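Quick notes on the structure that follows.
The values are calculated or read from the model by the stated rules, or taken from the named source; none is laboratory data. In this text the structure is predicted, and so the values were computed from the model without any measurement. Heads up, the Cβs are rebuilt from the backbone with ideal geometry, glycines too, and the neighbour counts pull from every protein chain shown. Note: areas computed on protein heavy atoms with side chains; ligands, DNA, RNA excluded. Shrake-Rupley method; radii C 1.70, N 1.55, O 1.52, S 1.80 Å.
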Amino acid sequence: MISLPALMFRTDLSTYNNYPYHPGGNVLKRILWYYCNAIFFKASIIPSSTFKVFLLKLFSAKVGKNVTVKPCVNIKYPWNLNIGDESWIGENVWIDSLVLIQIGAHVCLSQGAVLLTGSHNYKKTSFDLITKGIILEDGVWICAGAMVNPGVTVASHAVLTSGSIATKNMDAYSIYQGNPAVKIREREIS
């Protein structure tokens, strides 16, 4: 008797092909960004937000006024990143911008927050790449260690609490908690 797993297909990563995905930029631009990101963003040797914002713009990111970028931030592809005025990116934030991530004005990404735009199709033997953008509207707070998954829109002034994982769109002026994150109450600002 053959067991059920033996009858099922198995993941075969040797057949992986991320076609038709293209990260944007040419090969030289991607290589230059890789080293720039490693030296000036992922490391803590340059604490200056001004210099980091300059580099982001140099690599085609759209960045507003008075944006703060703390040390040890990892940004996949800056040309897929829009950041509004007065937004903060905290220590150890991972911005996996395989496709467009739109961050509004006055957004706070606290320490260790993760924005994911990529995943894999676990139903295919080839484990195909899946990408979807992320939108963080004005006034959003993604708390320490929280994660926003591909395709999620976090509406104006919503909060994703520490360690929570957003798998679906979040309503405006609402606080979400848990894995998967669920709305626990309204956000009141005085």
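Taking 0.36 nm per residue of separation and subtracting the Cα-Cα distance, full extension of the segment from Asn121 to Lys65 would add 16.4 nm. Which whole-angstrom value gives the distance between the alpha carbon centres of the range 86-118 and the range 145-190? Value for the Cα centre distance between the two parts: 14 Å. Taking 7 Å steps out from each Cα toward its Cβ at Tyr21 and Asn74 produces label points 1.5 nm apart. With protein chains left intact and a 1.4 Å probe, residues in the range 32-181 average 45 Å² of accessible area per residue. Computed on protein heavy atoms with a 1.4 Å probe, the accessible areas place Leu136, Leu129 in the order Leu129, Leu136, largest first. In terms of the mean number of neighbouring beta-carbon atoms within 10 Å, the peptides 150-156, 51-57 order highest first as 150-156, 51-57. Taking only the Cα atoms of the chain, the ratio Rg/Rh comes out at 1.04, with Rh defined as the Kirkwood radius.
The number of Lys pairs in the range 1-122 with C-alpha atoms less than 20 Å apart, excluding pairs fewer than 8 positions apart on the same chain, is 19.
Applying the Karplus relation 6.51 cos²θ - 1.76 cosθ + 1.60 with θ = phi - 60° to the range 92-105 yields 3J(HN,Hα) values of 6, 6, 10, 10, 8, 8, 5, 10, 4, 10, 10, 10, x, 7 Hz, where x marks Gly and Pro. Across the accessible surface of the range 52-190, with the other protein chains kept in place and a 1.4 Å probe, carbon and sulfur atoms take up 52 percent.
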